[in-house]
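All remarks here apply to the structure that follows.
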Amino acid sequence: MAVRVTPRGGRDALLAGTDDHFEARLAAAPVDGAANAALLALVAKHFGVPKRDVTLLAGQTARLKRLAVAGDPQALARAAASLYAVAP
């Protein structure tokens, strides 16, 4: 999965993005890996998996990052779809 990160975004939030990537706003600054650690924790929380199941594959210092999330594919797909769900 791809995520476009905005560090120092005020609060931690994982949001719907484009067809190509999700959006993540992080309170952490991009210093000493703090923003990357916050991103991994945020993604793990949203997808309901342990932090150890979320891996940063590419984009260590870039805004656009590529992540791998291990877990039940159907549960992960439901969690991803929930970001794009429109409230009735």
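Give me the strands (runs of 3 or more DSSP E) completely within region 1-46, filtered to those with at least 3 residues that are open to solvent by 70 Å² or more (accessible area, probe 1.4 Å), in contact with a strand residue (DSSP E or B) (Cβ under 7 Å, 6 or more places away or on another chain) and touching a residue at least 60 places away in the same chain (Cβ under 8 Å), ordered by residue number.
none
Among the residues of region 50-60, count how many are part of a loop (DSSP other than H, G, I, E, B) and either under 12 Å from the mean Cα position of the chain (by Cα) or in contact (Cβ under 8 Å) with a residue 60 or more places away in the chain (or both).
0
Quick one: which of Arg8, Arg4, Arg78, Arg63 is of a type outside the set (A, V, I, L, M) and within 10 Å of the chain's Cα centre (by Cα)?
Sole residue among the options that is of a type outside the set (A, V, I, L, M) and within 10 Å of the chain's Cα centre (by Cα): Arg4.
Looking only at residues that are among the small types (Gly, Ala, Ser) and in contact (Cβ under 8 Å) with a residue 24 or more places away in the chain in region 61-88, which one is nearest to Asp19 (Cα to Cα)?
Ala80
Is there a residue in region 73-84 that is open to solvent by 60 Å² or more (accessible area, probe 1.4 Å), basic (Lys, Arg), over 19 Å from Pro7 (Cβ atoms) and at pLDDT 95 or above?
no
Listed here are the residues, each with its yes/no results for (1) small (Gly, Ala, Ser); (2) surrounded by 12 or more Cβ atoms within 10 Å (Cβ to Cβ); (3) out of contact with any helix residue (DSSP H, G or I) (no Cβ under 8 Å at 6 or more places or on another chain).
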residue: Gly48; (1), (2), (3): yes, yes, no
residue: Val54; (1), (2), (3): no, yes, no
residue: Ala62; (1), (2), (3): yes, no, yes
residue: Leu67; (1), (2), (3): no, yes, no
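The values are calculated or read from the model by the stated rules, or taken from the named source; none is laboratory data. Given the structure is predicted, the values throughout are model-derived calculations rather than measurements. Here the Cβ is made from the backbone with ideal geometry for all residues, glycine too, and neighbour counts use every protein chain on show. To get the accessible areas, we keep the full protein, side chains included, count just its heavy atoms, and leave off ligands, DNA and RNA. Shrake-Rupley method; radii C 1.70, N 1.55, O 1.52, S 1.80 Å.
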